[in-house]
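Report on the following structure.
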Amino acid sequence: VGGGPQKSRVFKGFFNESMTPTLAKEHGMKVARMIDVDCDLHVSTAQALDWLFHHRLARRGTLISYDDWFNVPLGNGESLAHEEIAAKYKVKFQYLPHHECVHFRRLVWFRVLSVGGERAESGITASLKALTG
């Protein structure tokens, strides 16, 4: 990640056990500039995103990438968790055209445009739906 332990930390454990209500405060976490969702499953993706948005670590400008978006049908897995979080926190997302990562797995990128607005927008565009099949 760069910068060593002053800029990033790793916490061991399942999300529902390690991402405690006091974790962000205890470790002085700042707003995330970029979140790499590499959770594989709907439940773990939902837990991680919920914790990040609940603790206001994901805000306007935060970039979020998903690495397993295309591994299951749209409306399942990471895409379902993404839609649920958008609705719960009234997040407006902007889809950013997909990129190829170094291992040739397609990543799906979103930018958080706002949180807590009048309505949610998942940012899932027709072109992304077409890619998902």
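I'd like to compare 121-129, 76-84: which one has the highest average count of other Cβ atoms within 10 Å, and what's the full order after that?
76-84, 121-129
Note down the nm distance, to one decimal, between modelled labels 7 Å out along Cα→Cβ at Lys129 and at Lys25.
Each label point lies 7 Å from its Cα, and together they span 4.2 nm.
Give me the base-10 log of I(q)/I(0) for the chain at each q in 0.09, 0.11, 0.15, 0.21 Å⁻¹, Debye formula, one uniform scatterer per Cα, rounded to two decimals.
The Debye formula, applied to the Cα set alone, gives -0.25, -0.38, -0.72, -1.40.
For Phe14 and Arg106 in the same chain, what is the full-extension length gain: residue separation times 0.36 nm, less their Cα-Cα distance, in nm?
30.6 nm
Leaving ligands, DNA and RNA out of it, report the carbon-plus-sulfur percent of the accessible area of segment 1-81 at a 1.4 Å probe. Numbers along the way, then the final one.
Details: 2840 of 5160 Å².
Ligands and nucleic acids excluded, carbon and sulfur reach 55 percent.
What number of lysine-lysine pairs in the chain show an alpha-carbon separation below 22 angstrom, given a sequence spacing of 8 or more or placement on distinct chains?
10
Could you size up the charge dipole of segment 10-59 around its Cα centre, putting +1 on the beta carbon of Lys and Arg and -1 on that of Asp and Glu, and report it in debye to the nearest 20?
The dipole of segment 10-59 has a size of about 340 debye.
Just to be sure I follow the definition: excluding the sites themselves, where is the longest run in the chain that has none of the chymotrypsin sites (Phe, Trp or Tyr not before Pro) in a DSSP loop with at most 11 other Cβ atoms within 10 Å?
The longest uninterrupted stretch comes out as 15-103.
The values are calculated or read from the model by the stated rules, or taken from the named source; none is laboratory data. Values in this document were obtained by computation on a predicted structure and should not be read as measured data. For neighbour counting, all protein chains shown are included, and Cβ atoms are generated from backbone atoms with ideal geometry for every residue, glycine included. Side chains included, ligands, DNA and RNA excluded: accessible areas come from the protein's heavy atoms. Shrake-Rupley method; radii C 1.70, N 1.55, O 1.52, S 1.80 Å.
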